[in-house]
Amino acid sequence: MTPPITALIPSPVQNKTVVTPAKPKSGSCGCSSTKSSESSAPSSLDQKMQERIAKHPCYSEEAHHHYARMHVAVAPACNIQCNYCNRKFDCANESRPGVVSELLTPEEAAHKVLVIAGKIPQMTVLGIAGPGDPLANPEKTFRTFELIAEQAPDIKLCLSTNGLMLPEYVDRIKQLNIDHVTITINMVDPEIGEKIYPWVHYKRKRYRGIEGVRILHERQMESLQALKEADILCKVNSVMIPGINDEHLVEVDRVIREKGAFLHNIMPLISAPEHGTHFGLTGQRGPTPKELKKLQDDCAGSNMKMMRHCRQCRADAVGLLGEDRSQEFTKDKFMDMAPTYDLETRQQVHAGIEHFQAEQNQKKAKVAKNPKAAATPKILVAVTTKGSGIVNQHFGHAKEFQIYEVDANEVKFVGHRKIDQYCQTGYGEEATLENIIEAISDCKAVLTAKVGNCPQESLKKAGIEPVEAYDAIDVVAKEFYSKFIQQ
């Protein structure tokens with residue numbers, strides 16, 4: 001018997017097909033008693049383009065609230081060296097690009113995809129992003145895509161690459177209907193690139209210094225052109241490295257716009273010394289959230305979207321952006337699971353999500369109906385959410401805040417900030433709360449499903465208003481702003 005659509009709307013807590021949970025109840029110190037810049041597709045996008053990105057959580061900020069992605073680690077080799085990269089294995093607790101717990105064969109990867117597509121039916125995208133470069137491992141990469149295209153035709157295929165070998169494989173990419181390709185481009189000036197890339201391996205020869213960087217740059221520009229001619233959507237990732245390419249990324253943004261990139265994702269450098277990267281060991285710092293936002297704002301324009309919801313995923317990530325369920329599906333576990341992929345069930349779940357999205361968009365439309373106001377001050381608010389575009393997570397359970405910029409006319413998603421979870425059964429909570437408040441010190445409010453008395457008092461002392469609600473983020477943010485501006 002086919003279940004009703006409302007029963008198929010996935011819970012944003014565990015990505016399972018259950019009814020959305022009721023509002024949580026508050027505990028005394030923050031724990032419950034139990035446990036858009038592009039918030040929708042811009043009107044400038046035509047219907048065909050909206051359909052291409054509607055279920056891709058990386059290409060659509062709206063989709064990332066509702067749909068999940070997974071990466072499979074089948075590509076270990078890389079043909080360039082980046083000063084911010086150190087590919088590691090067996091790092092279950094590290095969340096950054098290039099990290100995996102285990103490598104898979106194409107056949108193992110396909111089996112994993114079919115298992116997860118059944119258990120997480122709102123998983124819509126399969127990406128290969130490493131831990132090396134997929135196109136430095138073309139046989140394994142394309143064999144994996146072939147198997148998945150044959151057995152799970154509704155799953156979007158996605159590829160991330162440095163672009164060095166992409167021109168050779170554009171026809172193969174097009175043939176497999178891989179409609180979304182990401183290229184990491186950190187410079188368009190080889191002299192700046194020389195500070196980022198020590199060497200490039202191209203056509204069986206290793207090039208060091210600026211000679212290798214020039215080859216990489218030329219090939220990346222060729223790649224952008226080839227994707228444009230093939231009508232394949234291209235997202236460009238750029239790593240913001242203060243003092244090296246931070247100011248230069250404005251020029252990178254201009255160039256990739258001219259060459260047809262659809263989306264630009266400027267990410268902060270991750271450079272902790274324990275990661276063992278060159279930048280980490282030499283003390284190169286990453287940007288502050290304020291620095292990152294300013295650069296993203298400087299690059300934001302009307303003819304190309306700016307991605308602000310990236311979580312810099314592991315190469316074996318599973319689940320919604322902002323969560324990682326990869327440890328639920330390690331090789332020793334998923335190889336013993338029978339695939340439960342069922343196209344009809346997945347379509348029903350997706351229909352339920354679309355119905356839910358339509359209801360949420362109606363709420364947003366009502367809020368946006370008011371006549372456009374004169375320019376008003378912009379403020380930032382922090383939101384705790386488990387997904388679905390709703391304020392629906394307890395303050396004490398949050399591991400990140402989504403940050404929105406609000407004025408009288410607009411609620412715009414501008415980024416996210418990772419934090420340590422406040423509720424730790426009494427251990428280290430006071431120090432953790434101090435760090436949390438510091439992370440959102442520039443915000444005027446925290447919009448959260450519930451928050452306990454202890455953190456409420458501390459937030460208020462810091463000038464951050466705790467707002468308890470359970471509704472669409474846009475609705476809650478506009479309601480708070482209306483009260484705030486009248487004070």
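The set of residues in the stretch 330-347 being open to solvent by less than 90 Å² (accessible area, probe 1.4 Å) and within 25 Å of the chain's Cα centre (by Cα) consists of Thr330, Lys331, Phe334, Tyr341, Arg346. Phe395 satisfies every condition listed in (1) closer than 21 Å to Thr376 by Cβ; (2) in contact with a Gly (Cβ under 6 Å, 6 or more places away or on another chain) except (1).
Taking residues in the stretch 315-336 that are hydroxyl-bearing (Ser, Thr, Tyr), and partners anywhere that are modelled with pLDDT under 75, the pairs with Cβ atoms closer than 9 Å and at least 6 places apart or on different chains are Ser326/Ala92; Ser326/Val100; Ser326/Ser101; Ser326/Arg314; Ser326/Gly319; Thr330/Ala92; Thr330/Ser101. Looking at Ile173, Ile192, just one residue is surrounded by 23 or more Cβ atoms within 10 Å (Cβ to Cβ), among the aliphatic types (A, V, I, L, M) and at pLDDT 95 or above, and that residue is Ile173. Within the stretch 157-170, the set of residues being over 22 Å from Lys205 (Cα atoms) and surrounded by fewer than 23 Cβ atoms within 10 Å (Cβ to Cβ) comprises Leu157, Val170. Within the stretch 228-260, the set of residues being over 20 Å from the mean Cα position of the chain (by Cα) and polar (S, T, N, Q) comprises Asn245 only.
At least 1 residues being under 14 Å from Leu227 (Cβ atoms) is the threshold, and among the strands (runs of 3 or more DSSP E) wholly inside the stretch 159-214 those reaching it are 180-184. Checking each residue in the stretch 407-424 for being touching a Ser or Thr at 6+ places or on another chain (Cβ under 8 Å) and open to solvent by 30 Å² or more (accessible area, probe 1.4 Å) picks out Ala408, Asn409, Lys412, Asp420, Gln421, Gln424.
Scanning the stretch 433-468 for residues that are part of a strand (DSSP E or B) and of a type in the set (D, E, K, R) yields Glu465, Glu468. Considering (1) at pLDDT below 80; (2) more than 25 Å from Leu269 (Cβ to Cβ); (3) of a type outside the set (S, T, N, Q); (4) part of a loop (DSSP other than H, G, I, E, B), the lone condition that Cys91 does not fulfil carries the number (2). No other residue among Leu135, Leu126, Leu147 is part of a helix (DSSP H, G or I) and either at pLDDT below 95 or open to solvent by 10 Å² or more (accessible area, probe 1.4 Å) (or both) apart from Leu147. Exactly one residue among Glu479, Glu434, Glu438 is closer than 30 Å to Cys299 by Cβ, surrounded by fewer than 17 Cβ atoms within 10 Å (Cβ to Cβ) and out of contact with any Asp or Glu (no Cβ under 6 Å at 6 or more places or on another chain), and that residue is Glu438. Among the residues of the stretch 222-237, is there at least one that is part of a loop (DSSP other than H, G, I, E, B), surrounded by fewer than 17 Cβ atoms within 10 Å (Cβ to Cβ), touching a strand residue (DSSP E or B) at 6+ places or on another chain (Cβ under 8 Å) and modelled with pLDDT under 95? No, there is no match, as no residue in the stretch 222-237 is part of a loop (DSSP other than H, G, I, E, B), surrounded by fewer than 17 Cβ atoms within 10 Å (Cβ to Cβ), touching a strand residue (DSSP E or B) at 6+ places or on another chain (Cβ under 8 Å) and modelled with pLDDT under 95.
The values are calculated or read from the model by the stated rules, or taken from the named source; none is laboratory data. Note that the coordinates shown come from a computational prediction; the quantities given were computed from them, not determined experimentally. Methodologically, a virtual Cβ is constructed for each residue, glycine included, from the backbone with ideal geometry; neighbour enumeration extends over all protein chains shown. Side chains included, ligands, DNA and RNA excluded: accessible areas come from the protein's heavy atoms. Shrake-Rupley method; radii C 1.70, N 1.55, O 1.52, S 1.80 Å.
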